[in-house]
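This report refers to the structure that appears directly beneath it.
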Amino acid sequence: MKLLAFTDGASRNNPGEAGIGIVLKDENGVTVAEIKKYLGITTNNVAEYTALIRCLEFVTASEGMHCSSLVVHTDSELMARQVEGRYKVKDAGLKILHAQVKNLLNSAQFEFSIRHIPRALNTEADELANQAIDSKE
């Protein structure tokens, strides 16, 4: 099954209270999972990477989904370009998270691609990330 993921990390005041939101849809656009989590105090870039990592972990662990292809949509141009290898990862903290993403992808049993999309097309994941901050869940 092809899955479309929409991920977002939000940080208020950057760094500030942060959360992640993930929406997974099947190839017909039907939502099959929603994930949100409060992260505490961190930066927006760390939150964006954390959302991607949690998405990869969830899809890898969800045997019932039988994912053959995962297309991640994110409004973080920096993260998307770094994961694609088009931008260098300079920040020491992001290097650790980037390496974690690469390790997850190296062991993944599905095809992977990542796409940068405008923020206006990522509203569901953004809403979940903000709900996580508001509820501290």
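The values are calculated or read from the model by the stated rules, or taken from the named source; none is laboratory data. No experiment lies behind these values; they were computed from the predicted model shown. Cβ coordinates were reconstructed from backbone atoms using ideal geometry, including for glycine residues, and neighbour counts include every protein chain displayed.
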Any idea which of (1) over 22 Å from Glu27 (Cβ atoms); (2) in contact with a helix residue (DSSP H, G or I) (Cβ under 7 Å, 6 or more places away or on another chain) is the one Val72 doesn't satisfy? (1)
Given the residues Leu4, Leu24, which is the only one that is under 23 Å from Asn103 (Cα atoms), at pLDDT 95 or above and in contact with a helix residue (DSSP H, G or I) (Cβ under 9 Å, 6 or more places away or on another chain)? Leu24
Residues that are surrounded by 14 or more Cβ atoms within 10 Å (Cβ to Cβ), at negative phi and touching a residue at least 40 places away in the same chain (Cβ under 8 Å): find the helices (runs of 4 or more DSSP H) completely inside the range 1-110 holding 1 or more of those. 44-61, 92-106
Yes or no: Arg86 of a type in the set (Lys, Arg) and in contact with a strand residue (DSSP E or B) (Cβ under 8 Å, 6 or more places away or on another chain)? no
Looking for whichever is of a type in the set (Ser, Thr, Tyr), under 20 Å from Ile114 (Cβ atoms) and at pLDDT 95 or above here; the options are Thr42, Thr74. Which one fits? Thr74
Check whether at least one residue in the range 81-100 is within 12 Å of Ala5 (Cα to Cα), at pLDDT 95 or above and of a type outside the set (Asp, Glu), and report yes or no. no
